[in-house]
Amino acid sequence: VLYFEGDQNSELRLLRGFKNRFGSTNEVGIFEMSKRGLLDAQSMAGKFFNKEKLSSGSALTVMMEGSRPIIIEIQALVSEAYGHPKRSSTGFDNNRLTMLLALLEKKLDLPLGTYDVFVNISGGIKINEPAADLAIIAAILSSYRNRELSAEALFLGEVSLTGEIREISAQAQRLKEIEMQGFKKVIIPTKPLETTNLKCFIANEVSKVVEWM
């Protein structure tokens with residue numbers, strides 16, 4: 001069973017397999033709508049982010065689509081609420097967003113209960129892994145403070161209910177993709193086991209991210 005996914009405003013489409021008797025369903029095909037029809041997207045570099053146009057509320061991370069690492073942009077908008085505060089996400093689990101917001105309120109004393117919070121994953125991508133937690137938090141903090149993050153930095157880490165930032169799966173593979181795409185910095189919870197030319201800022205709890213910012 002195959003499904004096409006994608007934002008109606010984006011030219012990119014993801015082909016996922018949900019049932020396969022003869023192979024893995026962990027792989028994904030990425031295609032691009034063009035004047036010649038649906039074509040295989042040969043290179044994913046820059047397809048889901050624009051390094052030159054990052055603004056406050058934007059953060060970059062690397063997600064795994066099957067065995068393929070893809071750099072994506074996460075966008076957040078935090079604005080003063082008039083009435084009951086709204087929490088809305090596109091491409092990210094809304095219950096997990098609510099949990100991360102509650103964590104920020106408790107651990108960092110942010111008054112997010114009086115703000116609307118919107119989160120969007122660019123390119124119509126859907127994130128089904130906790131590896132993007134740290135980038136989600138960074139994007140929210142960036143929008144709340146109206147302060148741009150470094151366009152050279154990416155965020156990798158799962159955030160627990162206690163505020164601890166945990167190492168994610170396939171970290172080495174994601175770091176290689178970050179370095180290959182020309183980025184300089186990464187914020188991660190543990191020091192990489194393999195040698196890398198990236199500048200690694202170790203953040204093992206949420207408060208450390210604020211120090212970096």
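Site pair residue 202 and residue 169 shows an inter-label distance of 2.5 nm when each label is modelled 7 Å from Cα along Cα→Cβ. Applying 0.36 nm per residue to the separation of residue 88 and residue 129 and subtracting their alpha-carbon distance, the gain on full extension is 13.0 nm. Each DSSP beta bridge with both residues in the stretch 51-212 is either parallel or antiparallel, and the antiparallel ones are about 60%. Within the shell defined by Cβ-Cβ distances under 12 Å, the residues around residue 81 carry a net charge of 0, with Lys and Arg each +1 and Asp and Glu each -1.
Cβ-to-Cβ counts within 10 Å put 98, 114 in ascending order as 114, 98, the fewest first.
In order along the stretch 70-87, phi translates into HN-Hα couplings of 10, 7, 10, 9, 10, 10, 10, 10, 10, 9, 4, 8, 10, x, 5, x, 9, 10 Hz, rounded to whole numbers, per the Karplus curve 6.51 cos²θ - 1.76 cosθ + 1.60 with θ = phi - 60° and x for Gly and Pro. Treating each Cα of the stretch 51-212 as an identical point scatterer and summing with the Debye formula, the log10 of I(q)/I(0) at q = 0.10, 0.15, 0.16, 0.20 Å⁻¹ comes to -0.32, -0.74, -0.85, -1.36. The mean sequence separation of alpha-carbon pairs under 8 Å and at least six residues apart, normalised by the residue count of the stretch 172-213, gives a relative contact order of 35 percent.
Ordering 87, 174 from the fewest to the most neighbouring beta carbons within 10 Å gives 87, 174. Starting from the Kirkwood radius over alpha-carbon pairs of the stretch 165-212, derive D by Stokes-Einstein at 25 °C in a medium of 0.890 mPa s and give it in µm² s⁻¹. The calculation lands on 220 µm²/s. In this calculation the C-beta distance from residue 185 to residue 95 is compared with R0 = 30 Å, giving a FRET efficiency of 0.45.
Residues 99, 180 in ascending order of nearby Cβ atoms (within 10 Å, fewest first): 180, 99. Once the Cβ-Cβ distance between residue 34 and residue 148 is put in as r, and R0 is 30 Å, what FRET efficiency do you end up with, to the nearest 0.05? The calculated FRET efficiency here is 0.40. Positive contributions from Lys and Arg (+1) and negative ones from Asp and Glu (-1), summed over other residues with Cβ under 13 Å from the Cβ of residue 103, come out at -3. Once the Cβ-Cβ distance between residue 212 and residue 15 is put in as r, and R0 is 35 Å, what FRET efficiency do you end up with, to the nearest 0.05? Using R0 = 35 Å, I get an efficiency of 0.40.
None of the figures in this text is laboratory data; all of them are computed from the coordinates on show. On a predicted model such as this, the values are computed, not experimentally measured, just so you know. Neighbour counts are summed over all protein chains in view; Cβ atoms, including those assigned to glycine, are modelled from backbone coordinates with ideal geometry.
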